[in-house]
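Taking it in order: structure first as C-alpha cells, then the write-up.
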Amino acid sequence: MEAWAHALIGWLALPKNGLGTVFLVSLLSATLLPMGSEPAVFGLVKLNPELFWPVVLVATAGNTAGGAITWWMGWGAERAYEAVRHRKPAEARALQWLHRFGAKACVLSFLPVVGDPLCAVAGWLKLPFWPCVGWMAVGKFGRYVVMTAALLWVFPGRFSY
C-alpha cells in the first residue's frame with residue numbers, strides 16, 4: 001500500500017505533471033469529496049507564473065467537470081429518493097429558491113461547503129444540464145482568477161522556490 005501511495009504522489013508532482021494534476025485535483029474537489037484545489041492551482045502558478053491563464057482554464061475545466069458529475073449524482077439520487085416526499089420547511093424553502101433562480105443558481109457552485117451540494121440539488125431538481133454546467137463554469141472561473149491573482153498579489157515573494 002505504501003508503494004502505491006508513493007507512486008501516486010510521484011505522479012501528481014506539480015512541476016512534472018502540472019496541468020494534469022491541476023485538472024484531476026480540481027475535478028475531484030468539485031465532487032462531494034472534502035478537498036480543495038486552490039493549493040494545487042496556486043502552487044503551479046507560483047512555480048510557473050507564465051502558466052497563469054492555462055492553469056486557471058484547466059482548473060476551471062476540471063472543477064466544472066466535477067460539478068457536472070455531481071449534478072448527475074443528484075439526478076440519480078432524486079430518482080431513488082422521490083418515493084419519500086416528506087420535506088422539512090427549510091428544505092422546501094431552499095428548493096423553492098433554487099427553482100426560482102433555476103440554472104443561474106449554479107454560478108454559486110464555487111462557494112465552499114454549499115457549492116458542491118448545490119450542483120447535486122440542481123441535478124436532483126432536473127434543472128437543465130448544459131445551462132447548469134455553463135453557470136458552474138462562470139462561477140468557478142471567476143473564483144480561480146480572483147483567488148490566484150489575489151494570492152500572487154498579497155504574497156508576491158513569500159512562496160519563492
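The values are calculated or read from the model by the stated rules, or taken from the named source; none is laboratory data. Computed from a predicted structure; not experimentally measured. Don't worry about glycine lacking a Cβ; one is built from the backbone with ideal geometry, like all the others, and counts go over all protein chains shown.
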If you scan segment 127-146, which residues turn out to be more than 16 Å from residue 61 (Cβ to Cβ) and either touching a residue at least 60 places away in the same chain (Cβ under 8 Å) or surrounded by 13 or more Cβ atoms within 10 Å (Cβ to Cβ) (or both)?
-> 127, 129, 131
For segment 122-136, indicate whether the set of residues that are of a type in the set (D, E, K, R), at pLDDT 85 or above, over 18 Å from residue 26 (Cα atoms) and not in a helix (DSSP H, G or I) is non-empty.
-> yes
When you look at residue 110, is it surrounded by 14 or more Cβ atoms within 10 Å (Cβ to Cβ) and either in contact with a Gly (Cβ under 8 Å, 6 or more places away or on another chain) or at pLDDT below 90 (or both), yes or no?
-> yes
Those residues of segment 18-42 which are assigned to a helix (DSSP H, G or I) and either hydroxyl-bearing (Ser, Thr, Tyr) or in contact (Cβ under 8 Å) with a residue 60 or more places away in the chain (or both) amount to 21, 26, 29, 38, 41, 42
Say whether the condition of being modelled with pLDDT of 95 or more, assigned to a helix (DSSP H, G or I) and touching a helix residue (DSSP H, G or I) at 6+ places or on another chain (Cβ under 6 Å) is met by at least one residue in segment 74-95.
-> no
